[in-house]
Amino acid sequence: MRALITWGGWDGHEPEQVAAIFHAMLEGVGMDVTVTDSLECFNDAKGLRDYDLIVPVWTMAQATREQVANVSEAVAHGTGLAGCHGGMCDAFRDQTLWQFMTGANWVAHPGGDGVDYRVNITDPDHELVAGIADFDVSSEQYYLHVDPANHVLATTRFPTVDWYHSPNGPVDMPVAWTRAWGQGRVYYNALGHHADVIADGPAYEMLRRGLLWAAAGKAVADPAALTPLQSAGNHY
């Protein structure tokens, strides 16, 4: 199996260190992993489809409409897409196709870094979280605008820190989910403000399973099942 990890963007999310964790994680199961600190790889539409998995680590970066479309088409034809925190769901804020494909976009983290909160496993029978108990985190707590079509695996309760959103009352915000994009599998986990948050423990295990699950979809994908309208890539 082949994986592409591309990292860059805002240094505050330690993209190089997070990419290194993903690199070791995937190499550890025998994947052939390509790592780059450039988005030039997104220019190669045909090459992207040769990967089983794409892992973006690009907070607050800028990608072109064509680059995002190339990733979208690769995923739609079976390549997996997986990542965490701002590296995937706060990556390219002006590209709505990216937000549609990944299933959400970050909008706030009340209280900033160092907020103590609980991650609640909501689908304990799912293979990606089976055997993982609820756990506590001290990090940024992501408030996201989320696609209701996502299959949610874990949530966190807001408000933990009082702010302007607090009068709306308590809400359970998704932390991890899966979704489909054409024939491809998409996995996201909101944890990972700094590399140490996902370096071990349940957060690491959730991501490990999620990345491998997304990559495994390529082998069972049927690109021929895409309709001409879906595969045209011009409807965004």
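The values are calculated or read from the model by the stated rules, or taken from the named source; none is laboratory data. Since we're looking at a predicted model, the values are computed, not measured. Because the Cβ atoms are built from the backbone with ideal geometry, glycine has one as well, and the counts that use them run over all protein chains shown. Surface accessibility is based on the protein's heavy atoms, side chains included, excluding ligands, DNA and RNA. Shrake-Rupley method; radii C 1.70, N 1.55, O 1.52, S 1.80 Å.
Descriptive notes on the structure:
- Filtered by the rule that a residue be assigned to a helix (DSSP H, G or I) and among the small types (Gly, Ala, Ser), region 1-18 gives a lone residue, GLY12.
- The listed residues are GLY131, GLY169, and the only one of them that is over 21 Å from the mean Cα position of the chain (by Cα) and either over 17 Å from LEU207 (Cβ atoms) or acidic (Asp, Glu) (or both) turns out to be GLY169.
- Taken over region 180-191, the criterion of being over 12 Å from the mean Cα position of the chain (by Cα) and open to solvent by less than 30 Å² (accessible area, probe 1.4 Å) is satisfied by GLY184 alone.
- Residue within region 82-90 that is modelled with pLDDT of 95 or more, in a helix (DSSP H, G or I), under 14 Å from the mean Cα position of the chain (by Cα) and farther than 18 Å from TRP181 by Cβ present: yes
- When the residues of region 77-118 are filtered to those that are among the β-branched types (Val, Ile, Thr) and buried (at least 23 other Cβ atoms within 10 Å of the Cβ), the one that is nearest to THR59 (Cα to Cα) is THR102.
- Taken together, the residues in region 43-68 that are crowded, with 20+ Cβ neighbours inside 10 Å and in a helix (DSSP H, G or I) amount to 3.
- Residue that is nearest to VAL186 (Cα to Cα), among those in region 110-155 that are in contact (Cβ under 8 Å) with a residue 60 or more places away in the chain and either part of a loop (DSSP other than H, G, I, E, B) or aliphatic (A, V, I, L, M) (or both): LEU128
- Filter result for TYR187 (hydroxyl-bearing (Ser, Thr, Tyr) and touching a helix residue (DSSP H, G or I) at 6+ places or on another chain (Cβ under 7 Å)): yes
- Among (1) closer than 30 Å to VAL71 by Cα; (2) in a strand (DSSP E or B); (3) of a type outside the set (D, E, K, R) - the single one TRP98 does not satisfy: (2)
- Hey, ALA74 out of contact with any Cys (no Cβ under 9 Å at 6 or more places or on another chain) and open to solvent by less than 10 Å² (accessible area, probe 1.4 Å) or not: yes
- Qualifying residue in region 24-42 (condition: of a type in the set (A, V, I, L, M), open to solvent by less than 30 Å² (accessible area, probe 1.4 Å) and part of a helix (DSSP H, G or I)): yes
- Qualifying residue in region 108-118 (condition: of a type in the set (Asp, Glu) and either out of contact with any Leu (no Cβ under 9 Å at 6 or more places or on another chain) or under 19 Å from GLY201 (Cα atoms) (or both)): yes
- Residue list for region 120-179, restricted to those being exposed (fewer than 12 other Cβ atoms within 10 Å of the Cβ), among the aliphatic types (A, V, I, L, M) and under 19 Å from VAL197 (Cα atoms): ALA133
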